[in-house]
Amino acid sequence: MSLQLPGRIILITGGADGIGRECALAYAKEGASVAIADVQGARAVELAGEIGANAVGLECDVSAGPSVEAAVRATVERFGRLDAVHNNAGIATPSKPLHLTTEEEWDRQFAVNLKGVYWTTRYAHSELARVRGCILNTASMVGLIGQADHAAYVAGKGGMIALTKAMALDYAAEGIRVNAVCPAGVMTPMLERWCQEQRDPASTKQYLDEIHALGYCPQPDVIADACVFLLSDRARFITGCALPVSGGAELGYRR
Ligand SMILES: NC(=O)c1ccc[n+]([C@@H]2O[C@H](COP(=O)([O-])OP(=O)(O)OC[C@H]3O[C@@H](n4cnc5c(N)ncnc54)[C@H](O)[C@@H]3O)[C@@H](O)[C@H]2O)c1
């Protein structure tokens, strides 16, 4: 089968671990060059080393404007262009209803999960406009249907989905497509940590299998496959879409 992302230059945030790592590997396998930007700089560099000459690892905190600006600049310097930004970096904390959420927790959640999109767009927009590029956001099914005890996280992901639509409209005239993927559960270091924080980690894992109508909590490869599609020419007429990659977790009443 022909490559889905031949010669593309893709910057992915939060690319050192979990869903981002799987996406970086999938993009490279499909012929893209990848800039892996992550607060875990050493892990990003290590992964880039595993991928080879068509990858670079960059230490980057998406909540800090200068750090994002430097990552965008380094990507363009290294590969000469930028075709797509995948906003994937995110944090799951805090697991709390709103009135128990501290101001610091609220601010940190929004600084990483939502303002990170602002920074990458601010610094990458001109590059993307030049090539009629793509923006892809890792949102979450909870941004569409809600989740108990995660008010700030749900609000951030809901904001990301709304932003996906607003940006799709704003940038359509420039040929920039903007989409989001909405996973339900995905077995990553983030979800492993979350399970360990719950009262009964074993039954939490069973619950995570059961929330998906298809019967299991997936590995990140299912998200990477959807992301490859959305960034590829096969999705050339899709924009403003928040695509569930959720095994039917959101589908109505069931036993
Ligand atoms: N795992 C799930 O069940 C699930 C479900 C829905 C949505 N998501 C979303 O998917 C994305 C990836 O989650 P994951 O499960 O792979 O998490 P993860 O914790 O396994 O990986 C996240 C990566 O982002 C990096 N990161 C964190 N803060 C950062 C920052 N400020 N700047 C740059 N990088 C940063 C981490 O170092 C890590 O490499 C997140 O946006 C998350 O909200 C995950």
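The values are calculated or read from the model by the stated rules, or taken from the named source; none is laboratory data. Note that this is a predicted model, so its numbers are computed, not measured. So basically every Cβ, Gly included, is an ideal-geometry build from the backbone, and we count neighbours across all protein chains shown.
No other residue among A64, A44, A92 is surrounded by fewer than 19 Cβ atoms within 10 Å (Cβ to Cβ), modelled with pLDDT of 95 or more and within 9 Å of the ligand (Cβ to nearest atom) apart from A64.
Here S140 passes the criteria (1) surrounded by fewer than 18 Cβ atoms within 10 Å (Cβ to Cβ); (2) within 20 Å of I223 (Cβ to Cβ) except the one numbered (1). Selection within segment 168-189: residues that are in a helix (DSSP H, G or I) and touching a residue at least 60 places away in the same chain (Cβ under 8 Å). The member of this set that is farthest from L243 (Cα to Cα) is P189.
Within segment 14-28, is there a residue that is over 16 Å from the mean Cα position of the chain (by Cα) and more than 15 Å from the ligand (Cβ to nearest atom)? Before the answer, list the steps.
Pass one, segment 14-28, residues over 16 Å from the mean Cα position of the chain (by Cα): 28.
Pick out the ones that are also more than 15 Å from the ligand (Cβ to nearest atom) and you get 28.
Checked segment 14-28: at least one residue is over 16 Å from the mean Cα position of the chain (by Cα) and more than 15 Å from the ligand (Cβ to nearest atom).
Scan segment 74-94 for residues that are acidic (D, E) and without any contact (Cβ under 8 Å) to a residue 40 or more places away in the chain and jot them down. Full working, then the answer.
Taking segment 74-94 as the starting set, the residues that turn out to be acidic (D, E) are 77, 83.
Result: E77, single match.
Scan segment 190-198 and tell me whether some residue there is assigned to a loop (DSSP other than H, G, I, E, B) and more than 16 Å from H86 (Cβ to Cβ). Spell out the reasoning first.
To start, the set of residues in segment 190-198 that are assigned to a loop (DSSP other than H, G, I, E, B) comprises 198.
Still in the list and also more than 16 Å from H86 (Cβ to Cβ): 198.
For segment 190-198, residues assigned to a loop (DSSP other than H, G, I, E, B) and more than 16 Å from H86 (Cβ to Cβ): present.
Which residue out of A155, A139, A166, A124 is over 17 Å from the mean Cα position of the chain (by Cα) and not aromatic (F, W, Y)? Before the answer, list the steps.
On the way: A155 fails: over 17 Å from the mean Cα position of the chain (by Cα); A139 fails: over 17 Å from the mean Cα position of the chain (by Cα); A124 fails: over 17 Å from the mean Cα position of the chain (by Cα).
Only one candidate qualifies: A166.
When A71 is tested against the conditions (1) in contact (Cβ under 8 Å) with a residue 60 or more places away in the chain; (2) more than 14 Å from the chain's Cα centre (by Cα); (3) part of a helix (DSSP H, G or I); (4) away from the ligand (no atom under 12 Å from the Cβ), the lone failure is (4).
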